[in-house]
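I have placed the structure first, in the form of structure tokens, so that the comments after it can refer back to it.
What follows is calculated from the coordinates using simple rules that are stated; it is not laboratory data. Predicted model only: the values in this text are computed from it and were never measured. Cβ sites come from the backbone with ideal geometry, for glycine too, and all protein chains shown count toward neighbours.
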Amino acid sequence: MSMTAKDIATGAIAHWEYLAHVLTVPQSEDDHQRLVAVLDEVLDAGGADETSMLATLAERIGDLIEAYEATRYPLPDAKPVDVLAFLMEQHRLKQADLPEIGAQSVVSDVLGGKRLLNLRQVSALSKRFGVSADAFIE
């Protein structure tokens, strides 16, 4: 059965107290942390499955979190090699500690500017360090 616009509006109005927190950009760090926790719950409830109806909700929540983070924690304008060097320093890693990139010699070439990171390496580094893949792309 297809819902009418009135049915949809009535449902949204009745549940707006909850929906408002899920459909607006966070305005504070507390709002941000709550929305991250909500996203975790939505993903656990099936939103991680792209075929689930909850996937669009998870995507929308992710967009709102990203919008907040982009204004509060903008990425500095840095070259990917500088980002990688910074993360290595922060995590006390040596070139040999980055199998995501390859052998120590490959890491050396990347850090020396002789070689660019490929898509697989970018994806792996993004996952490992929990940062946007954009940080590793020129």
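Which of Lys79, Lys114 comes first, and how do the rest follow, when ranked by fewest Cβ neighbours within 10 Å? Write out the running numbers ahead of the final one.
Working: Lys79 12, Lys114 9.
Exposure proxy ranking, most exposed first: Lys114, Lys79.
Give me the percent of Cα-Cα pairs in the range 80-136 that sit more than 15 Å apart, rounded to a whole number.
Value for the range 80-136: 39 percent of Cα pairs lie more than 15 Å apart.
Translational diffusion coefficient, Stokes-Einstein: compute it for the range 5-72 using the Kirkwood radius over C-alpha pairs as Rh, at 4 °C and 1.567 mPa s, and state it as an integer in µm² s⁻¹. Provide the component values of the computation, followed by the final result.
Details: Rh = 12.6 Å.
D = 103 µm²/s.
At 7 Å along the Cα-to-beta-carbon direction for both Asp7 and Ala70, put a label point, then send me their distance in nm to one decimal.
With each label point 7 Å from Cα toward Cβ, the separation is 3.5 nm.
Within 10 Å of each residue's Cβ, count the other Cβ atoms and sort Phe136, Phe129 from fewest upward. Numbers along the way, then the final one.
On the way: Phe136 24, Phe129 19.
In order of increasing Cβ crowding within 10 Å: Phe129, Phe136.
Please work out the Kirkwood hydrodynamic radius for the range 46-112, using every pair of different C-alpha atoms, and report it in angstroms with one decimal place. Write out the running numbers ahead of the final one.
Values: mean 1/r = 0.0675 Å⁻¹.
The answer is 14.8 Å.
Tell me the mean residue ellipticity at 222 nm calculated for the chain from its helices only (DSSP H runs of n ≥ 4, each -39500 (n - 2.57), averaged over every residue, nearest 500). Walk me through the intermediate numbers first.
Details: 7 runs with 80 residues, N = 138.
Mean residue ellipticity at 222 nm (helix-derived): -17500 deg cm²/dmol.
Contour minus end-to-end for Glu17 and Gln90, with contour as 0.36 nm per residue of separation and end-to-end as the Cα-Cα distance? Mind dumping the intermediate values first?
Details: separation 73, 0.36 × 73 = 26.28 nm, distance 4.15 nm.
This chain segment gains 22.1 nm when fully extended.
Only helices at least 24 Å long along their own axis, judged from Cα atoms, and with Kyte-Doolittle mean hydropathy of -0.5 or greater: name those in the chain from DSSP H. Walk me through the numbers before you get to the answer.
On the way: long enough: 54-72 (27 Å, 0.08).
Helix filter hits for the chain: 54-72.
For Lys127, go through the lysines and keep the ones whose alpha-carbon is under 30 Å away, minus same-chain ones fewer than eight residues off.
Once the sequence-local lysines are set aside, what remains near Lys127 is Lys79, Lys94, Lys114.
Would you mind calculating the relative contact order of the range 5-72 from Cα pairs under 8 angstrom and at least 6 residues apart, reporting the percent as a whole number?
On the way: 49 pairs, mean separation 20.6, N = 68.
Reported relative contact order: 30 percent.
If r is the Cβ-Cβ distance from Met53 to Gln27 and R0 is 25 Å, what FRET efficiency results, to the nearest 0.05?
Numbers: r = 28 Å, r/R0 = 1.11.
According to the calculation, E is roughly 0.35.
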